[in-house]
1. In nm, what is the difference between 0.36 nm times the number of residues separating Gln131 and Ser16 and their Cα-Cα distance?
2. Would you mind getting me the FRET efficiency between Leu81 and Thr141? Use the beta-carbon distance for r and R0 = 22 Å, nearest 0.05.
3. Would you mind calculating the gained length between Ser124 and Lys24 on full extension (0.36 nm times residue separation, minus the Cα-Cα distance), in nm to one decimal?
4. Greater than 30 Å separation of Cα atoms is the criterion. Which listed pairs, Lys31/Lys159; Lys31/Lys58; Lys123/Lys181, meet it?
5. Report the label-to-label distance for Glu88 and Glu35 in nanometres (one decimal), using points 7 Å from each Cα along the Cα→Cβ vector.
6. Per the Cauchy relation, a quarter of the hull surface: what is the mean projected area of the convex hull of the alpha carbons in region 42-110, in nm²?
7. From the P(r) of region 2-77, can you give the percent of Cα pairs sitting at distances over 20 Å?
8. Could you tell me the distance between the Cα centroids of region 1-70 and region 80-137, to the nearest Å?
Amino acid sequence: MFSISTLVDVVRIPPSLFGTTLKKAGMNILKEKYESMISADLGYIIMILDAKVDEMGKMIAGDGGTFHKVEFEVLTFYPKLQEIVLGEIVDITDFGAFVRIGPTDALLHLSQVMDDYLKSDVKSGMILASQSGRTLKVGSTLRARITAVSLGKAASMGKIGITCRQPFLGADAWIAEEIKKASGSDKPKKASDSDKPKKEVEVKAS
């Protein structure tokens, strides 16, 4: 889930940035510190949107910089358990596929794709289902449910697990088939009275 959060911090403006505006200096420092960071409370911090830097700063003896309180807004992505997400397959491995959701990748294990015998063809970048004939490949878009979330302190430590083994999940084409089947639009249409062949009636001239 994407959201915008407001945070408060104190930034140190070094002498090298004294020639720029406080806001620009504060934004640069906040971007270096927060962007691409993972927070247990906020999730993935994608970018700094805006910042308000107090004009009155503090100085510490022996330090040439100034310290300013700053209030800023960040765009975040927090993956929640059982949340339905849209994603695109970016890599196929022996054990499944990595799906790009928001700013990160989630693991779709082979056992969570569908109820079928699956084969992962890494060389061709494709997952094949032997019974249904369905396929997934790099670039395929799909709908999935988040089943596991583990957020570490660095972007490389975030782990997300997803599944497509539930109704109306999986590749876009699969979902379209399920919707069509559920609505009954794939059932043979019953002939109406107007469609039935009409009997011919012979009329004898008197």
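1. 34.9 nm
2. Values: r = 22 Å, r/R0 = 1.01.
Step by step, r from the Cβ atoms, then E = 0.50.
3. 31.3 nm
4. Lys123/Lys181
5. So the label points at Glu88 and Glu35 sit 2.1 nm apart.
6. It is 8.2 nm².
7. On the way: 893 of 2850 pairs.
For region 2-77, the fraction of Cα-Cα distances above 20 Å is 31 percent.
8. Answer, in whole Å: 39.
Every number here is computed from the coordinates shown, using simple stated rules; none is lab data. Predicted model, so just to flag it, every value in this text is computed and none were measured. A quick note on method: Cβ atoms are made from the backbone with ideal geometry, for glycine too, and the neighbour counts reach across all protein chains shown.
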